[in-house]
């Protein structure tokens, strides 16, 4: 089986991967071995989308990692003793610009000294007649609901999409909606920066622009046991 190691600590795991019988390659791998933590996995999916990922732990904190040793995980994959779990992605679109996320899309004030003003709609229907004023809004998947979303709402969810309003001046109830809902955010006052997971790529929004967010057919493939 051909494998590509994605990590900033490749030399720490390379010998173990070779010992398990994998052929290490730099292109066209059968699987990506993501050696690190959750953030490394998100980065590996960004650079190598839709190729099956095996997460090996090198970080103390890794919610997606397994309790088995890295050696046992590699052995089981080589034996074919694994399953593929698909994880749906969110897409944020502004004109021709797009971002894909597994965890969350974050719409945030670009200047922390100034709040932004915006309106949020579900399937074309505004959730409030008034504009929302605050630091921004987070659209999270179930996977991402234990991260930034949870730090704002003190809750998480297992189905749907979560909408968390970040530091709003008025009371705004956080929402969990069906995964097929289309979310649109119209910016009345910016500037605004849009983030996806831990990617360096962002989208900048100005007044009058609209960002559309929805779950799409693209998925990440995670090796599980």
Share of alpha-carbon pairs per 10 Å distance bin for the range 89-218, given as whole %: 14, 50, 34, 2
Residue 15/residue 225 FRET efficiency (R0 25 Å; Cβ-Cβ; nearest 0.05): 0.65
Cα long-axis angle, helix 38-47 against the chain (0 to 90 degrees, to the nearest 10): 90
Inter-label distance for residue 199 and residue 171, nm, one decimal - labels placed 7 Å from Cα along Cα-to-Cβ: 3.7
At R0 = 30 Å, FRET efficiency that the Cβ-Cβ distance of residue 113 and residue 210 yields, to 0.05: 0.75
Mean Cβ count within 10 Å, highest first, over the residues of peptides 74-83, 88-97: 88-97, 74-83
Separation in nanometres of the label points that stand 7 Å from Cα toward Cβ, at residue 178 and residue 150: 2.7
R0 of 22 Å, Cβ-Cβ distance residue 82-residue 25: FRET efficiency to nearest 0.05: 0.70
Principal-axis tilt of helix 10-19 within the chain, Cα atoms, nearest 10 degrees: 40
Residues 120, 68 arranged by fewest to most Cβ contacts within 10 Å: 68, 120
Euclidean distance between Cα centres, the range 144-183 to the range 85-102, Å: 17
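Each reported figure results from applying straightforward, stated rules to the coordinates on display, with no laboratory input. Please read these numbers as outputs of a predicted model, since none were measured by experiment. For neighbour counting, all protein chains shown are included, and Cβ atoms are generated from backbone atoms with ideal geometry for every residue, glycine included.
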